[in-house]
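This report refers to the structure that appears directly beneath it.
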Amino acid sequence: MPLAQTATTVPVVVNDDLCIADKGCTVCVDVCPLDVLRIVEKEDGKKTAYMKYDECWYCMPCEADCPTDAVTVNLPYLLK
Amino acid sequence: MDEILDGLTQIDCDILIIGGGTAGPMAALKAKRKNPEANVVLLDKANVKRSGAISMGMDGLNNSVIPGYATPEQYTKEITIANDGICDQAAVYRYAQECYGIIQELDSFGIRFQKDQNGEYDVKKVHHIGTYVLPMPNGDTVKKALYRQLRKARINIINRFMATRLLTGEGRVAGAICVNTRSAEFLVVRAKAVIMGLGAAGRLGLPTSGYLYGTYENASNSGEGYAMAYHAGAGLANLECYQINPLIKDYNGPACAYVAGPMGGYTANAQGERFIECDYWSGQMMQEFYDELQGGKGPVYLKLNHLAEETVAEIERVLHIVERPTRGHFHEGRGTDYRKQMIEMHISEIGFCSGHSASGVFVDEHARTTIPGLYAAGDMANVPHNYMLGAFTNGAFAGMDAAVFIADVDHANFDMGEVDAERTRVLAPTKRDDGIPPNQIEYKTRRLVNDYLQPPKVTAKMELAQKRFEEVRDDMESGMFVRDAHELMRALEASTILDCAEMAAAASMYRTESRWGLYHNRVEYERDDENWFCHTILTKGEDGKPAHKKQDVKPYVVEIAEDEKDAYANQRVGSSSSVAAE
């Protein structure tokens with residue numbers, strides 16, 4: 001019984017030009033109450049934060065606590 | 001991260017506090033102050049820096065009892081009436097007497113409260129009778145201020161561990177079994193006392209948006225406190241008294257009685273008419289809200305467009321920045337503006353939360369549950385309408401009492417077999433090759449909650465719910481499948497949500513009367529004081545299913561006159577015996 005690969009848009013968007021995950025920053029990942037953010041290595045070898053799990057309360061600590069203003073929290077499409 | 005690892009560690013402490021939101025940090029600080037030698041551990045499924053209902057802050061205190069504005073007697077009376085008389089007043093009265101000290105303490109932490117030109121607290125009137133609402137101009141700093149205090153007091157903080165079951169032995173609490181949410185490794189914490197501050201069961205009903213995490217409560221508050229207390233054998237009180245709140249339609253922000261109300265905003269029907277006397281959240285008010293929503297004058301709206309520009313700007317400043325900072329984005333996206341039109345409202349999904357109703361783990365005025373050494377405070381304990389300040393104050397009571405309790409006891413012995421059994425239960429979804437993912441188990445449970453448990457409550461529908469929940473439980477126990485440690489956390493939450501759904505159905509079936517307005521509107525039954533002027537206590541029965549008993553309401557500390565008892569009963573504008581809100 002294989003699992004489906006249904007696509008979903010996610011509310012938290014990270015500007016990877018501003019994100020300093022490469023320097024070891026994990027602030028947004030650390031503060032998220034739902035623990036939905038992770039760090040990933042991009043094709044160019046640099047790291048960035050991204051929203052891995054679509055389980056967001058759009059509560060904003062990730063955006064508020066980001067030291068470089070790289071994180072934007074949008075409303076999930078289903079309720080906006 | 002998230003890879004499933006095999007591991008089991010055991011640590012010992014004096015006091016384990018589960019939940020680092022509001023009640024938990026205050027319990028930790030008070031316990032440590034009372035007994036500086038005590039080893040106090042504060043454990044959270046998320047990160048204490050930003051966990052719980054006040055993750056981003058809070059707009060104000062909804063229930064402050066401040067000398068000169070209200071008396072403890074008056075507050076106790078108000079909450080007793082608002083809760084239809086089913087209230088052990090000792091806990092409410094003690095809260096009312098001591099919450100002012102907590103306000104001053106929070107003030108000393110750097111959390112400011114609104115003051116007038118004379119430096120007096122600027123308390124607003126929202127409730128039917130008294131004056132208790134105190135705005136917090138820098139309410140966004142609450143968690144940071146608390147965290148500073150925790151560091152200063154050297155509280156041991158453990159983040160990203162989810163407690164799944166309590167351990168008991170020798171007739172008292174012995175600790176908790178916890179699992180790492182990013183590695184699935186186990187941590188057994190032995191403790192002489194355990195304080196639970198795990199918040200509401202906020203992921204019980206499904207919000208109208210259909211988004212699983214678009215709940216009124218912080219979606220990480222999935223009801224572990226209720227489930228753990230239940231499985232440990234503690235009593236839970238009045239679970240049929242659901243939480244249902246008035247919200248902006250599709251958005252989980254309150255409407256909001258406490259911010260917009262004191263500034264002249266109110267709830268209106270489609271014709272712009274006020275239809276409830278008092279916007280204070282009570283079951284009776286929600287019944288009127290529901291009736292208007294379903295009637296020909298619905299839907300229901302938040303009306304602010306009659307207010308002056310500076311007033312609306314001030315309301316926006318509070319509502320859009322602190323407690324629900326995405327609210328401005330929501331209105332922008334919808335093209336709605338408080339100045340130009342009324343804003344559509346709706347009712348929230350159901351949940352358990354004593355912050356706004358009265359359901360929760362049964363506690364006394366010391367925050368003690370029915371299990372020695374086990375405490376509960378905040379949204380999950382049954383002190384009615386206790387809100388954020390109640391979480392702080394009752395958390396303080398728990399911390400102080402636990403510090404005394406541990407002085408005379410050693411760690412209770414428990415059966416290691418319980419740990420083995422729990423590891424097997426928790427890890428079962430990781431041992432399968434495929435199956436049903438937790439989000440589908442959760443979605444189905446919560447959709448059934450909406451279909452069959454939402455008030456008005458109908459016996460035949462609730463019986464269907466019970467039958468369907470059993471089917472979902474069979475599917476969950478035999479076929480739930482997870483791929484990593486994060487999904488395992490969701491699987492454990494799905495299990496908790498199903499426990500809470502079954503408790504909600506069972507408790508609602510047991511109380512064969514209507515009470516608390518919409519919260520327990522059983523359409524086949526009238527209110528019946530003769531048989532049901534009592535608490536209902538739910539425990540885990542011998543057969544592993546919910547068992548029930550009635551428990552007397554303790555004699556009142558503050559007497560309620562006959563003609564005061566119905567002050568909250570007639571909330572509709574124009575009803576004869578109502579008391580005007582203004």
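Looking across segment B:236-249, the residues that are crowded, with 21+ Cβ neighbours inside 10 Å and not hydroxyl-bearing (Ser, Thr, Tyr) come down to B:Leu236, B:Ala237, B:Asn238, B:Leu239, B:Glu240, B:Cys241, B:Gln243, B:Ile244, B:Asn245, B:Pro246, B:Leu247, B:Ile248.
Residues in segment B:202-217 that are under 17 Å from B:Gly360 (Cα atoms) and among the hydrophobic types (A, V, I, L, M, F, W, C): 1 in all.
Being aliphatic (A, V, I, L, M), closer than 26 Å to B:Asn521 by Cα and free of Cβ contacts under 8 Å to residues at least 24 places away in the same chain is the filter here; which residues of segment B:406-461 pass it? B:Ala460, the sole residue that qualifies. The residue pairs whose first member lies in segment B:540-561 and is under 17 Å from B:Arg94 (Cβ atoms), whose second member is among the small types (Gly, Ala, Ser), and whose beta carbons are closer than 9 Å, counting only pairs six or more residues apart or on different chains, are B:Val553/B:Gly85; B:Lys554/B:Ala90; B:Tyr556/B:Gly85; B:Val557/B:Ala90.
I'm trying to understand the selection: among the residues of segment B:300-336, which are among the acidic types (Asp, Glu) and touching a residue at least 12 places away in the same chain (Cβ under 8 Å)?
As a first pass, look at segment B:300-336 and keep what is among the acidic types (Asp, Glu): B:309-310, B:314, B:316, B:323, B:332.
Hits for segment B:300-336 are B:Glu309, B:Glu314, B:Glu316, B:Glu323.
Can you tell me which condition A:Val13 does not meet? The list is (1) modelled with pLDDT of 95 or more; (2) surrounded by fewer than 20 Cβ atoms within 10 Å (Cβ to Cβ); (3) over 10 Å from the mean Cα position of the chain (by Cα), and all the others hold. Answer for A:Val13: the failing condition is (3). Total residues in segment A:41-74 satisfying the condition of being within 11 Å of another protein chain (Cβ to nearest Cβ) and more than 22 Å from B:Leu212 (Cβ to Cβ): the figure is 2.
Has segment B:402-422 got at least one residue that is surrounded by 13 or more Cβ atoms within 10 Å (Cβ to Cβ), in contact with a Ser or Thr (Cβ under 7 Å, 6 or more places away or on another chain) and of a type in the set (Val, Ile, Thr)? Scanning segment B:402-422 turns up no residue that is surrounded by 13 or more Cβ atoms within 10 Å (Cβ to Cβ), in contact with a Ser or Thr (Cβ under 7 Å, 6 or more places away or on another chain) and of a type in the set (Val, Ile, Thr).
Within segment B:550-576, track down each residue that is of a type in the set (D, E, K, R) and touching an Asp or Glu at 6+ places or on another chain (Cβ under 6 Å).
Step one: of segment B:550-576, the residues of a type in the set (D, E, K, R) are B:550, B:552, B:554, B:559, B:562-566, B:572.
Within segment B:550-576, B:Lys554, B:Arg572 meet the criteria.
Scanning segment B:311-352 for residues that are part of a helix (DSSP H, G or I) and either more than 11 Å from every other protein chain (Cβ to nearest Cβ) or in contact with a Cys (Cβ under 9 Å, 6 or more places away or on another chain) (or both) yields B:Thr311, B:Val312, B:Ala313, B:Glu314, B:Ile315, B:Glu316, B:Arg317, B:Val318, B:Leu319. Among the conditions (1) surrounded by fewer than 24 Cβ atoms within 10 Å (Cβ to Cβ); (2) part of a helix (DSSP H, G or I), the only one that B:Gln284 does not satisfy is (1).
Yes or no: B:Glu493 charged (D, E, K, R) and within 25 Å of B:Gly283 (Cα to Cα)? Steps first, please.
On the way: charged (D, E, K, R): yes; within 25 Å of B:Gly283 (Cα to Cα): no.
Spelling it out, it is not the case that B:Glu493 is charged (D, E, K, R) and within 25 Å of B:Gly283 (Cα to Cα).
Is it the case, given these coordinates, that A:Lys80 is at the interface with another protein chain (Cβ under 10 Å from one of its Cβ atoms), among the basic types (Lys, Arg) and touching a helix residue (DSSP H, G or I) at 6+ places or on another chain (Cβ under 9 Å)? Yes; evaluated as a whole, the condition is true for this residue. Restricted to segment B:186-220, and to residues there that are hydrophobic (A, V, I, L, M, F, W, C) and within 14 Å of chain A (Cβ to nearest Cβ), the residue that is surrounded by the fewest Cβ atoms within 10 Å (Cβ to Cβ) is B:Leu212.
Could you go through segment B:522-534 and let me know if any residue there is more than 25 Å from B:Asp44 (Cβ to Cβ) and either among the β-branched types (Val, Ile, Thr) or buried (at least 23 other Cβ atoms within 10 Å of the Cβ) (or both). Within segment B:522-534, one or more residues are more than 25 Å from B:Asp44 (Cβ to Cβ) and either among the β-branched types (Val, Ile, Thr) or buried (at least 23 other Cβ atoms within 10 Å of the Cβ) (or both).
Residue pairs whose Cβ atoms lie under 8 Å apart, sitting 6 or more positions apart in sequence or on different chains, and linking a residue in segment B:480-499 that is within 13 Å of chain A (Cβ to nearest Cβ) to a partner that is assigned to a helix (DSSP H, G or I) and among the basic types (Lys, Arg), are B:Val482/B:Arg490.
Taking segment B:1-114 as the region of interest, the helices (runs of 4 or more DSSP H) fully inside it that hold 2 or more residues being touching a strand residue (DSSP E or B) at 6+ places or on another chain (Cβ under 6 Å) are B:23-34. If the condition is being more than 14 Å from chain A (Cβ to nearest Cβ), closer than 30 Å to B:Asp6 by Cα, touching an Asp or Glu at 6+ places or on another chain (Cβ under 8 Å) and of a type outside the set (A, V, I, L, M), then segment B:129-185 contributes B:Thr164, B:Arg165, B:Gly169, B:Glu185. Residue check: B:Pro437 meets all listed conditions (1) farther than 22 Å from B:Leu5 by Cα; (2) surrounded by fewer than 23 Cβ atoms within 10 Å (Cβ to Cβ) but one, namely (1). Among the strands (runs of 3 or more DSSP E) confined to segment B:154-261, the ones with at least 1 residues that are at pLDDT 95 or above and more than 21 Å from B:Thr445 (Cβ to Cβ) are located at B:156-158, B:161-169, B:172-180, B:186-196. Residues in segment B:241-291 that are among the charged types (D, E, K, R) and either more than 14 Å from every other protein chain (Cβ to nearest Cβ) or without any contact (Cβ under 8 Å) to a residue 12 or more places away in the chain (or both): B:Glu273, B:Arg274, B:Glu277, B:Asp279, B:Glu288, B:Asp291. Of all residues in segment A:26-57, those that are in contact with a strand residue (DSSP E or B) (Cβ under 8 Å, 6 or more places away or on another chain) and either of a type in the set (Asp, Glu) or modelled with pLDDT under 95 (or both) total 2. Residues in segment B:410-428 that are touching a Gly at 6+ places or on another chain (Cβ under 7 Å) and closer than 30 Å to B:Ser359 by Cβ: B:Ala412, B:Phe414. Against the conditions (1) buried (at least 22 other Cβ atoms within 10 Å of the Cβ); (2) out of contact with any helix residue (DSSP H, G or I) (no Cβ under 7 Å at 6 or more places or on another chain), B:Leu167 satisfies every one except (2). Given the criteria surrounded by 24 or more Cβ atoms within 10 Å (Cβ to Cβ) and in a loop (DSSP other than H, G, I, E, B), does B:Tyr568 qualify? Criteria met by B:Tyr568.
Between A:Val27, A:Val36, the distinction of being without any contact (Cβ under 8 Å) to a residue 40 or more places away in the chain and within 12 Å of chain B (Cβ to nearest Cβ) belongs to A:Val36 only.
The values are calculated or read from the model by the stated rules, or taken from the named source; none is laboratory data. Just so we're clear, the structure is a prediction, and the values are computed from it rather than from any experiment. FYI the Cβ positions are ideal-geometry reconstructions off the backbone, even for glycines, and counts take in every protein chain you see.
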